[in-house]
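The structure under discussion appears below in the form of structure tokens.
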Amino acid sequence: MPVVWSDRHHLHEPGGEFWVGVRTPGSELPERAERIRDALLEAGARFVDAEAHPDGAVLAVHDPAMVAYLASAWKEWEAAGLTVDPGQDRVVPYVFPHPGLFSGRPPAVPAAVAARAGRFAFDTMTLIGPGTWEAARSAVDAALTAADLVLGGAPAAYACCRPPGHHATRTCFGGSCYLNNAAAAAARLRETGGGPVAVIDVDAHHGNGTQAIFYEDPGVLVGSVHVDPGAGWFPHFLGFAAETGAGPGGGANRNLPLAPGAADEEWLEAVGALVAWARECGAQVLVVALGVDAAAGDPESPLGVTPDGFRAAGSALGALGLPTVVVQEGGYDLSAIGPLVREALTGIEEGMRA
Ligand code: SP5
Ligand code: ZN
């Protein structure tokens with residue numbers, strides 16, 4: 001399947017992650033995309049450049065205030081002198097407008113630039129640097145370009161994008177994600193009508209952003225298999241089986257949390273259940289949020305999926321026989337990420353042919 005690529009991804013260097021106040025090395029690195037590209041080039045894939053899309057496609061899934069903030073946060077931080085005093089080379093949040101502060105009234109926009117950094121960030125691990133906005137915007141363009149290819153008749157297309165997106169909601173960002181690439185693709189595809197879009201998220205972490213964006217929307221089914229947040233894993237507050245959608249979207253959300261240590265057998269059973277659910281709900285088009293951090297050996301998750309497991313999952317997803325947009329999410333084992341993505345995409349192609 002065609003691979004959509006943007007060189008601009010490398011403009012985002014996370015510059016670390018603050019975890020319990022300690023600056024630890026970043027995990028969502030430019031080399032991730034390079035490793036995937038190398039593996040897919042070696043496999044003979046056709047690469048297509050991401051095309052610029054108007055902001056309307058971003059605003060379909062994000063609050064304009066958050067988008068404006070992300071676009072200007074770095075320049076604002078630098079202009080305020082924070083890179084010199086106290087000498088912080090990334091935008092790092094410090095106070096957060098917790099709903100419990102406001103008695104239901106809207107929070108003020110802080111006058112201090114340092115205080116503004118917490119308005120839309122939900123964690124301290126998702127830092128903003130000089131090129132973060134441009135890279136995040138290019139990742140949406142890649143996902144939208146893949147959606148366009150599928151709308152134009154390609155059976156499947158893969159957006160090799162970073163930074164990832166599935167933790168970003170309409171109004172907040174975190175989990176190494178800024179803009180929700182898969183949600184933007186799904187919103188684009190839902191305009192075609194004829195039945196719901198299904199998003200199946202196989203990243204090791206719950207796709208809380210995609211869930212939140214479509215929680216009341218019966219037109220986009222969102223299913224996620226991930227390590228159980230109740231066992232202590234990110235995103236901690238969300239991803240439980242009881243979250244099934246609300247209002248007109250009641251029943252259109254499905255979470256399948258797995259115990260730490262779960263491997264091919266349990267994971268593939270859950271992927272199969274999400275596939276069967278999408279089929280029963282009459283999905284007309286598929287978005288796969290393809291994180292490969294469920295792999296055994298990934299530093300960010302305790303799941304134990306093998307390369308053959310990713311191939312088999314791909315095959316099950318491809319067997320739905322739907323037009324399919326694949327969007328890259330997580331995956332942090334640099335030595336494995338390329339082959340893992342290659343296995344998943346090969347599986348999807350095999351499943352479509354079978
Ligand atoms: C897109 C994606 O896969 N995002 C996952 C982000 C999960 N980050 C959670 C990090 C939890 C703390 N880990 C401590 C390790 C210190 N480096
Ligand atoms: Zn993940």
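Specify which of the listed residues (Asp89, Asp85, Asp55) is farther than 23 Å from Ala146 by Cα, without any contact (Cβ under 8 Å) to a residue 60 or more places away in the chain and not aromatic (Phe, Trp, Tyr). Steps first, please.
Working: Asp89 fails: without any contact (Cβ under 8 Å) to a residue 60 or more places away in the chain; Asp55 fails: farther than 23 Å from Ala146 by Cα.
Result of the check over Asp89, Asp85, Asp55: Asp85.
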Looking only at region 188-207, and only at residues there that are open to solvent by 10 Å² or more (accessible area, probe 1.4 Å) and not in a loop (DSSP other than H, G, I, E, B), the one that is nearest to ligand 1 (Cβ to nearest atom): Arg188
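Out of everything in region 136-184 that is charged (D, E, K, R) and not in a helix (DSSP H, G or I), what residue ends up being nearest to ligand 1 (Cβ to nearest atom)?
Narrowing region 136-184 to residues charged (D, E, K, R): 137, 141, 148, 162, 170.
Next cut, not in a helix (DSSP H, G or I) only: 162, 170.
On the way: Arg162: 9, Arg170: 17 Å.
Looking at the filtered set, the residue picked out is Arg162.
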Selection from region 270-300 of residues that are in contact with a helix residue (DSSP H, G or I) (Cβ under 6 Å, 6 or more places away or on another chain) and assigned to a helix (DSSP H, G or I): Val271, Gly272, Val275
Matching residues in region 8-41 - criterion: being in contact (Cβ under 8 Å) with a residue 40 or more places away in the chain and charged (D, E, K, R): Arg8, Glu13, Glu17, Glu28, Glu31, Arg32, Arg35, Arg37, Asp38
Residue within region 290-300 that is among the β-branched types (Val, Ile, Thr) and either within 16 Å of ligand 2 (Cβ to nearest atom) or in contact (Cβ under 8 Å) with a residue 60 or more places away in the chain (or both) present: yes
Pairs, first open to solvent by 30 Å² or more (accessible area, probe 1.4 Å) and more than 16 Å from ligand 2 (Cβ to nearest atom) in region 321-339, second in a helix (DSSP H, G or I) and not polar (S, T, N, Q), C-beta under 7 Å, six or more apart: Gly321/Met352; Pro323/Val150; Pro339/Ala39; Pro339/Pro307
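Scan the strands (runs of 3 or more DSSP E) fully inside region 1-112 and keep the ones with 3 or more residues being farther than 27 Å from Gly314 by Cα and at pLDDT 95 or above.
Values: elements: 3-5, 17-19, 22-24, 47-49.
Because the criterion is at least 3 residues that are farther than 27 Å from Gly314 by Cα and at pLDDT 95 or above, the strands (runs of 3 or more DSSP E) in region 1-112 that meet it are 17-19, 22-24.
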Candidate set: region 232-245, residues that are more than 13 Å from ligand 1 (Cβ to nearest atom) and surrounded by fewer than 13 Cβ atoms within 10 Å (Cβ to Cβ); chosen: the one nearest to Ala278 (Cα to Cα): Ala241
Check on Asp123, free of Cβ contacts under 8 Å to residues at least 60 places away in the same chain, closer than 21 Å to His12 by Cα and within 16 Å of the chain's Cα centre (by Cα): yes
Count of residues meeting criterion [of a type in the set (S, T, N, Q) and open to solvent by 50 Å² or more (accessible area, probe 1.4 Å)] in region 61-82: 0
Selected residue (only one of Asp38, Asp55 is closer than 23 Å to Leu345 by Cα and acidic (Asp, Glu)): Asp38
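Checking the conditions here, which among Arg116, Arg137, Arg170 is open to solvent by 10 Å² or more (accessible area, probe 1.4 Å), touching a Leu at 6+ places or on another chain (Cβ under 8 Å) and touching a residue at least 12 places away in the same chain (Cβ under 8 Å)? Spell out the reasoning first.
Numbers: Arg116 fails: touching a Leu at 6+ places or on another chain (Cβ under 8 Å); Arg170 fails: touching a Leu at 6+ places or on another chain (Cβ under 8 Å).
Exactly one of Arg116, Arg137, Arg170 is open to solvent by 10 Å² or more (accessible area, probe 1.4 Å), touching a Leu at 6+ places or on another chain (Cβ under 8 Å) and touching a residue at least 12 places away in the same chain (Cβ under 8 Å), namely Arg137.
Of all residues in region 10-25, which are closer than 12 Å to Pro163 by Cβ and either of a type in the set (S, T, N, Q) or open to solvent by less than 20 Å² (accessible area, probe 1.4 Å) (or both)?
Residues of region 10-25 that are closer than 12 Å to Pro163 by Cβ, as a first pass: 10-14.
His12, Pro14 - these are the residues of region 10-25 that are closer than 12 Å to Pro163 by Cβ and either of a type in the set (S, T, N, Q) or open to solvent by less than 20 Å² (accessible area, probe 1.4 Å) (or both).
The values are calculated or read from the model by the stated rules, or taken from the named source; none is laboratory data. What you see is a predicted model, and the numbers here were worked out from it, not measured in a lab. Backbone-built Cβ (ideal geometry, glycine too); neighbour counts: all protein chains shown. With ligands, DNA and RNA removed, areas are computed over all heavy atoms of the protein, side chains included. Shrake-Rupley method; radii C 1.70, N 1.55, O 1.52, S 1.80 Å.
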